[in-house]
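The values are calculated or read from the model by the stated rules, or taken from the named source; none is laboratory data. Bear in mind the structure is a predicted one, so any value in this text is a computation, not a measurement. A quick note on method: Cβ atoms are made from the backbone with ideal geometry, for glycine too, and the neighbour counts reach across all protein chains shown. Calculation scope for accessible area: heavy atoms of the full protein, side chains included, ligands and nucleic acids excluded. Shrake-Rupley method; radii C 1.70, N 1.55, O 1.52, S 1.80 Å.
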Amino acid sequence: MTAPQSTRTLQALTTPRAAAVAGILFALLYTAGLVLIRSAIPAESTSASGAWLETSVTRVSLGLNLVPFAGIAFLWFIGVVRDRLGDLEDRLFATVVLGSGLLFLAMTFAGAALAGGLLSTYALGSTSILENGIFTYGREVTFQLINVYAVRMAGLFMISLGSIWIRTGAMHRAWAFVTYALALGLLVSVTFSLWVTLVFPAWVFAVSVQFLIRSRHANSADQSPAGGAA
């Protein structure tokens, strides 16, 4: 009976830690990518000329290259969080969590791919995309995908996960209420502000740090004399 108990204990300790690492990686990579991209793109009134591309294309390309790695980390975060809940997971909310998370990634990837395609077309010397309005159109579609639709899916992901936390007690209720408040802000937001977009990775980072703290506390309790005697 010792081996199965040790296996369950090891899984209980390593799963939150894996979720924490994945969530922190996602938050850092996604934030870095967004900041690099948005800091390189000027205001709408001056971006139509495309002059900024001559000096900022490298920064934007670097930000776009970080997006796939952020997506991989987020997928890992979703999988590990669901695995941590195990049999306590509510099927309804679990489906919404998975669906909204995948839609968030799909829209983020689509926006990044569209932006990358515009940059590649411009780099090939096709300046006509600036003259015929294709660049402006692609820029606005990218902003809509990432700042409107992807942000809404992020808010739905947060609400669903917060509801699971309340039902299962996997996290303190205060975390769920804070999550609801932040998610509501994302759902009703109508701005393209970078700060609104960064709410979601900041929330994932905070939750991941909490997972890491809980994992360390569980590890300390397991290694204590009382834990060993139990």
(request) Determine whether region 145-154 contains at least one residue that is under 13 Å from the mean Cα position of the chain (by Cα) and basic (Lys, Arg). (result) yes
(message) Between Leu64, Leu34, Leu85, which is at pLDDT below 90, part of a helix (DSSP H, G or I) and open to solvent by less than 40 Å² (accessible area, probe 1.4 Å)?
(response) Leu85
(request) Can you give me the number of residues within region 113-123 that are closer than 16 Å to Ser56 by Cα, free of Cβ contacts under 8 Å to residues at least 60 places away in the same chain and not hydroxyl-bearing (Ser, Thr, Tyr)? (result) 3
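If you scan region 37-47, which residues turn out to be surrounded by 13 or more Cβ atoms within 10 Å (Cβ to Cβ) and either at pLDDT below 70 or in a helix (DSSP H, G or I) (or both)?
Filtering region 37-47 down to residues surrounded by 13 or more Cβ atoms within 10 Å (Cβ to Cβ) leaves 37-42, 47.
Those that are surrounded by 13 or more Cβ atoms within 10 Å (Cβ to Cβ) and either at pLDDT below 70 or in a helix (DSSP H, G or I) (or both): Ile37, Arg38, Ser39, Ala40, Pro42, Ser47.
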(request) Identify all residues within region 148-161 that are farther than 13 Å from Ala106 by Cβ and open to solvent by less than 20 Å² (accessible area, probe 1.4 Å); write none if there are none. (result) Val151, Gly155, Met158, Ser160, Leu161
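Is it true that Ile164 is open to solvent by less than 40 Å² (accessible area, probe 1.4 Å), under 23 Å from Val57 (Cβ atoms) and in contact (Cβ under 8 Å) with a residue 24 or more places away in the chain? Steps first, please.
Values: open to solvent by less than 40 Å² (accessible area, probe 1.4 Å): yes; under 23 Å from Val57 (Cβ atoms): no; in contact (Cβ under 8 Å) with a residue 24 or more places away in the chain: yes.
So Ile164 fails the test.
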(message) Anything in region 131-146 that is crowded, with 17+ Cβ neighbours inside 10 Å and either more than 21 Å from Leu62 (Cα to Cα) or touching a helix residue (DSSP H, G or I) at 6+ places or on another chain (Cβ under 6 Å) (or both)? List them, or say none.
(response) Phe135, Gly138, Thr142, Leu145, Ile146
(request) Please work out which residue is modelled with the lowest pLDDT, limiting yourself to region 170-202 and to residues that are polar (S, T, N, Q) and in a helix (DSSP H, G or I). (result) Thr197
(message) List pairs: first residue in region 127-148 and free of Cβ contacts under 8 Å to residues at least 60 places away in the same chain, second residue hydrophobic (A, V, I, L, M, F, W, C) and part of a loop (DSSP other than H, G, I, E, B) anywhere in the structure, Cβ distance under 8 angstrom, at least six positions apart or on different chains.
(response) Phe143/Phe192; Asn147/Phe192
